[in-house]
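Scroll down for the structure; my scribbles are underneath it.
Readers should treat all values here as calculations from the given coordinates under stated rules, not as data from a laboratory. The structure presented is a predicted model; accordingly, all values stated were derived computationally and were not measured. Using ideal geometry, Cβ is built from the backbone for each residue, glycine included, and neighbour counts are taken over all protein chains shown.
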Amino acid sequence: MRLLLGAIVVLTLVSGPALVASADSLGTKLDDTTITTKVKAKLTTDSVKTLVKVHVDTQNGVVHLQGTVPSEADKAEAERLARSTDGVKDVMNDLTIGGTTSSPSASPASK
């Protein structure tokens, strides 16, 4: 009986931290998914339609913004919205500034 109890204690000590670590990892992934969803929702409101194509990724509470926006003001607004989201620890703003591209049929060369 003592041997069985000792084996259970050893197994608990060995596997316990792994179970806790995986639970923390799962919780972090769920939190990151929630943060990403909240940031995307803010970026797709009517008042910031130019930010719809911004790619948002979150890892450990750090939001990473990527893509192209029309202006410096749009880039700053995307970062402001991300930073104001609950649970965000930091923001990496890798957005680039670029104008909207015109369709080939609208270009002067095609006329």
**Prompt:** Which FRET efficiency value, to the nearest 0.05, do you get for LYS53 and ALA76 by plugging their Cβ-Cβ distance into 1/(1 + (r/R0)^6) with R0 = 22 Å?
**Reply:** 0.85
**Message:** For a quick check: with amide H placed at 1.01 Å from N, whose amide H comes under 5 Å from THR68's, ignoring anything fewer than 5 positions away on the same chain?
**Reply:** THR96
**Message:** Calculate the FRET efficiency for THR96 and ASN60 from the Cβ-Cβ distance with a Förster distance of 22 Å, rounded to the nearest 0.05.
**Reply:** 0.35
